[in-house]
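Q: Encoded as structure tokens, here's the structure I'll be asking about.
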Amino acid sequence: MDELDLDLLILGAGGAGLCAALHAAAASPSLRIGVVVKGLLGRAGCTRMVQGGYNAVLTEPDSLEAHLLDTLKGGGFINDQELVWTLVTEAPGRLLELESRYGCLFDRTSEGRIHQKPFAGQTHDRTVHKGDLTGIEIMNRLSEQVAARPHVTAFEECRAMELALDADGRCAGALVLDQRSGRFLVLRARATLLAMGGGPTMYRIFACSADKAADGIALAWRAGLALRDMEMIQFHPTGLVIPGSLMTGALLEEGLRGAGGHLRNRLDERFMARYDPQRMERSTRDLVARASFLEIQAGRGTPNGGVWIDVSHLGADVVERSFRGMVRRCRDFGRDLACGPVEVGPTAHFMMGGVVIDPTCRTAIEGLFAAGEDAGGIHGANRLGGNGVADSTVFGGIAGDVMAEYVVGAPVRRPDTGALERAARDAQKPLGRSGGELYALQGRLRDVMWEHAGLIRDAGGLAAADLAVVEIERKLDGVGVPGGPALNLAWQDWLNMRSQLTAARLIIASALERTESRGAHWRDDFPAPGRGALYSVRASRRGDDLIVWREPVALTRARPQPAAPTPEAVEIGD
Ligand SMILES: Cc1cc2nc3c(=O)[nH]c(=O)nc-3n(C[C@H](O)[C@H](O)[C@H](O)COP(=O)(O)OP(=O)(O)OC[C@H]3O[C@@H](n4cnc5c(N)ncnc54)[C@H](O)[C@@H]3O)c2cc1C
């Protein structure tokens, strides 16, 4: 195996990874920084797919306290409140940095101020955007900036395979696979960042970038880290329904509902009146997605098993102007969003759960940090639209600052190379073997997760899913893929499935542990929020066993008032 020494190793190149690289390079330009990315720099991951925008408090009457409360309320109050406070206080500065230091340009009002639009679940117009294709603006500018930093090296089309630990369990870098050549590489580093963006691609219908396979979650689990709230999978309500197309599940952004879009069932009813008559379509994603799912299950869905979203009453001109990307996306499939309803349905979108971190992105492993969708605790039981890209850029930047400081005087650690060689051998197991069930198993996993660990869950279904996942895992172990290690997409899919299965087991075990309904997690057998103290579900490994437990939520800044369900029914601590 080839080896290379770095100061900082960043695994993943979305908003979190690139902001980390830029901040670390700004703190100390001579640091040797490596950024490992499964695809091409600037092109892979979900930050590029961000449509609606970026939440940041810029002007009154909005306030940091309001952003905190909206986020906690959306998150069912199981968020880590210190992480949320860090998010809301840092987001305005990071947003301005994206413009003034990195060159992003967001939409303006006629007075030249940054335009902020309404997003579901928020008490103020807070979401900054570039039309409806905000992520392209952010990722283009960030990747240009990274390319201009001489000491930042991008390892493109390289896949992080395993964290490299030393004899004392401290992080010493990572084992990486160059997907083009099929060669393994040990990247040794004094500080390592997990920023691989989670990714619920183990569901039948998903919206996120297909290169993501929850690899960061699987690496963290194998290294022995605790993960939190893995049961919290966000299903976005408005994924396109295009029969027979891989585009099924691709998003129509939340701004459509924010701008006044209507959701209707087959009977032409605005069905949200049944589920959240006050907020209607502007209700939070979890509620709208579940409502759509229930309508479809009750036989009130559209011919292709979705519901209708209709923005045509806003006027074709307005829709064309405000949602250019969405209109084009629909036209590509013969749908006219500007002039009529379009079929949509729930789609797996985002993992609220992830690695336990503190507000400086430290994990429980010395020398290992995590940021972005790989980290848990910020969004609690449900992420608000616009808080995802704020999270990845805020915490990515913090991680870069903290890691740059951390490596000063930090020793270069010696990874346990025996463990890495075993990991590499294990990963190559399917190569050249016969047995071609890989894609049947992939389909089976996606169906099982959708049906039993999806929008509506119960103990029986979750237990059945658990058994099925163990069985799929056993079968995958015996599956072969043709060809050698270089440029072998089937092998990459095999490796993806290994990570997806690990994450699936964590999701199911955590969902069984949470015997209540909260946010994105709906248990048909426990349809109300629990009456006891709020808790976070933790999962980790003991030997090869998966263990789960509950940890009380620290209400350090605000607490819900049990009797009053309105947004005002919370108080801020100091
Ligand atoms: C369609 C869509 C629309 C969205 N719209 C919004 C929005 O409007 N507002 C909002 O706030 N949020 C939105 N989000 C969520 C937002 O995209 C995420 O919260 C955020 O971008 C995550 O950033 P990240 O850096 O953690 O991960 P990502 O941007 O997903 O980056 C992950 C990186 O890790 C790499 N990677 C993965 N596995 C490996 C591996 N094994 N080895 C090496 N590299 C690896 C990937 O290639 C990628 O470079 C949207 C998400 C989707 C899918």
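Q: Mind counting lysine pairs for me in the chain? Cα separation below 21 Å, and the two need to be 8 or more apart along the chain or on different chains.
A: Going through the chain pair by pair, I get 5.
Q: Which order do you get for ARG228, ARG101, ARG433 if you rank them by accessible area with a 1.4 Å probe, largest at the top? Don't jump to the answer; show the numbers that get you there.
A: Numbers: ARG228 15, ARG101 130, ARG433 80 Å².
So the residues, ranked largest to smallest area, are ARG101, ARG433, ARG228.
Q: Which value, in Å² rounded to 10, gives the accessible area of LEU40 with a 1.4 Å probe and all protein chains present?
A: Result for LEU40: roughly 80 Å² accessible.
Q: Can I ask one more? Round to a whole angstrom and tell me the spacing of the C-alpha centers of region 350-412 and region 87-107.
A: Spelled out, the Cα-based centre of one part sits 18 Å from the other.
Q: Here's a follow-up. Rounded to a whole number of µm²/s, how large is the Stokes-Einstein D of region 383-453 at 20 °C and 1.002 mPa s, given Rh as the Kirkwood radius over C-alpha pairs?
A: Answer, rounded: 122 µm²/s.
Q: Taking 8 Å as the Cα distance limit and 6 or more residues as the minimum spacing, I'd like the relative contact order of the chain as a percentage. It would help to have the intermediate numbers written out before the result.
A: Working: 1381 pairs, mean separation 121.3, N = 574.
Here the relative contact order equals 21 percent.
Q: In addition: Can you give the helix-only mean residue ellipticity at 222 nm for the chain, where every DSSP H stretch with n ≥ 4 adds -39500 (n - 2.57) and the sum goes over all residues, rounded to the nearest 500 deg cm²/dmol?
A: Numbers: 15 runs with 191 residues, N = 574.
One gets -10500 deg cm²/dmol as the mean residue ellipticity at 222 nm.
Q: If you add up the charges near ALA56, with Lys and Arg at +1 and Asp and Glu at -1, over every other residue whose beta carbon is less than 10 angstrom from its beta carbon, what do you get?
A: Cβ neighbours under 10 Å give a net charge of 0.
Q: How many Å² of accessible area per residue for region 97-240, probe 1.4 Å? List each step's numbers first, then the result.
A: Numbers: 4420 Å² over 144 residues.
Accessible surface, normalised per residue, equals 31 Å².
Q: Relative contact order, percent, of region 436-484 when contacts are C-alpha pairs under 8 Å separated by at least 6 residues?
A: Numbers: 27 pairs, mean separation 25.7, N = 49.
Relative CO of region 436-484 lands at 52 percent.
Q: Next question. Nearest 20 debye, what's the magnitude of the dipole of the chain about its Cα centre given +1 on Lys and Arg Cβ and -1 on Asp and Glu Cβ?
A: 780 debye
Q: Can you tell me the accessible area per residue over region 1-77, all protein chains present, probe 1.4 angstrom, in square angstrom? Show your work: numbers first, answer last.
A: Working: 2320 Å² over 77 residues.
For region 1-77, the per-residue accessible area is 30 Å².
Q: I would also like to ask the following. Cα centroids of region 173-233 and region 492-564: how far apart, whole angstrom?
A: A separation of 19 Å, based on Cα centres.
Q: Can you work out D for region 408-538 in µm² s⁻¹ from Stokes-Einstein, where Rh is the Kirkwood radius over C-alpha pairs, the temperature is 25 °C and the viscosity is 0.890 mPa s? Don't skip to the answer; put the middle values down first.
A: On the way: Rh = 17.2 Å.
Diffusion coefficient, whole number: 143 µm²/s.
Q: Using only the heavy atoms of the protein chains and a 1.4 Å probe, how would MET230, MET1 rank by accessible area, largest first? Walk me through the intermediate numbers first.
A: Values: MET230 5, MET1 95 Å².
Most to least solvent-accessible, the answer reads MET1, MET230.
Q: For the chain, I need the span (max minus min coordinate) of the C-alpha atoms along each principal axis, in Å, sorted largest to smallest.
A: Each principal axis gives a Cα extent; for the chain these are 62, 53, 50 Å.
Q: If you don't mind, there's one more thing I want to ask. Do you know the relative contact order of region 434-574, to the nearest whole percent, from alpha carbon pairs under 8 angstrom that are 6+ apart?
A: 20 percent
Q: Taking the Cα centre of region 1-69 as origin, sum charge times position over the Cβ atoms of Lys and Arg (+1) and Asp and Glu (-1), and report the length of that vector in debye to the nearest 20. Let's see the in-between values first.
A: Values: 4 positive and 7 negative charges, 69 e Å.
Once rounded to the nearest 20, the dipole reads 340 debye.
Q: Identify, among HIS452, VAL407, GLY435, the residue whose Cα sits farthest towards the positive end of the charge dipole of region 372-474, taking +1 on the Cβ of Lys and Arg and -1 on the Cβ of Asp and Glu, with the dipole about the Cα centre.
A: GLY435
Q: Rg to Rh for region 122-186: what is it, with Cα atoms only and Rh by Kirkwood?
A: Details: Rg = 18.3 Å, Rh = 15.5 Å.
We get a ratio of 1.18 for region 122-186.
Q: Looking only at Cα atoms, what is the convex hull volume of region 497-547 per residue, in Å³? Walk me through the intermediate numbers first.
A: Working: hull volume 4.6 nm³, N = 51.
Convex hull volume per residue, Cα atoms: 91 Å³.
Q: One quarter of the convex hull surface, Cα atoms only: what value does that give for region 211-370 in nm²? Please report the intermediate quantities before stating the final value.
A: Numbers: hull surface 46.8 nm².
That works out to 11.7 nm², a quarter of the Cα hull's surface.
Q: With the crude spin-label approximation of a point 7 Å out along Cα→Cβ, what separation in nm comes out for GLN278 versus ASP544?
A: Each label point lies 7 Å from its Cα, and together they span 5.1 nm.
Q: Right, next: As a test, work out the antiparallel percent of DSSP beta bridges whose residues both lie in region 1-147, rounded to the nearest 5. Mind dumping the intermediate values first?
A: Working: 5 of 9 bridges.
That works out to approximately 55 percent antiparallel.
Q: Taking the dipole about the Cα centre of region 59-151, with the C-beta of Lys and Arg at +1 and of Asp and Glu at -1, give me whichever of ALA66, ALA120, LEU142 is farthest to the positive side.
A: In region 59-151, that residue is LEU142.
Q: A follow-up question, please. Heads up, I need the accessible area for SER30: 1.4 angstrom probe, whole protein in place, Å², nearest 10.
A: 80 Å²
Q: Report the longest stretch of the chain that contains none of the GluC sites (Glu not before Pro) sitting in a DSSP loop with at most 15 other Cβ atoms within 10 Å.
A: Values: sites that count: GLU111, GLU269, GLU437, GLU568.
Formally, the longest exposed-site-free interval is 270-436.
Q: About its Cα centre, how strong a charge dipole does region 177-268 have in debye, to the nearest 20, once Lys and Arg get +1 and Asp and Glu get -1 at the Cβ? Intermediate values should be presented prior to the final figure.
A: Working: 11 positive and 8 negative charges, 65 e Å.
Approximately 320 debye in magnitude.
Q: Any chance you could look up the accessible area of HIS452 with a 1.4 Å probe, heavy atoms only, rounded to 10 Å²?
A: In the full protein context, HIS452 sits at about 60 Å².
Q: When the chain is fully extended, how far beyond the present Cα-Cα distance does ASN140 get from ARG222, taking 0.36 nm per residue of separation? Walk me through the numbers before you get to the answer.
A: Details: separation 82, 0.36 × 82 = 29.52 nm, distance 3.32 nm.
The span from ASN140 to ARG222 would gain 26.2 nm if fully extended.
Q: Kindly state, to the nearest 0.05, the FRET efficiency for LEU467 paired with ALA210, given R0 = 35 Å and r defined as their beta-carbon distance. Write out the running numbers ahead of the final one.
A: Numbers: r = 27 Å, r/R0 = 0.77.
E between LEU467 and ALA210, to the nearest 0.05, is 0.80.
Q: Starting from the eigenvalues of the Cα gyration tensor, five times each then square-rooted, give me the equivalent ellipsoid semi-axes of region 17-109, largest first, whole Å. The partial results should precede the final answer.
A: On the way: eigenvalues 145, 58, 48 Å².
Taking √(5λ) for each eigenvalue gives 27, 17, 15 Å, largest first.
Q: Work out the charge dipole of region 289-432 with +1 on the Cβ of Lys and Arg and -1 on the Cβ of Asp and Glu about the Cα centre, then indicate which of LEU384, THR417, ILE398 is farthest towards its positive end.
A: Ranked along the dipole, the leading option is THR417.
Q: Here's a follow-up. Compute the normalised compactness of region 68-162: alpha-carbon radius of gyration over 2.2 N^0.38 Å, N being the residue count. Working shown, then result.
A: Numbers: Rg = 16.7 Å, N = 95, 2.2 N^0.38 = 12.4 Å.
Normalised Cα radius of gyration, region 68-162: 1.35.
The values are calculated or read from the model by the stated rules, or taken from the named source; none is laboratory data. Bear in mind that the values here come from a model prediction, so they are computed numbers and not experimental data. Glycine gets a Cβ as well: all are built from the backbone with ideal geometry, and neighbour counts include every protein chain shown. Quick note on the areas: whole protein, heavy atoms, side chains included, nothing else; ligands and nucleic acids left out. Shrake-Rupley method; radii C 1.70, N 1.55, O 1.52, S 1.80 Å.
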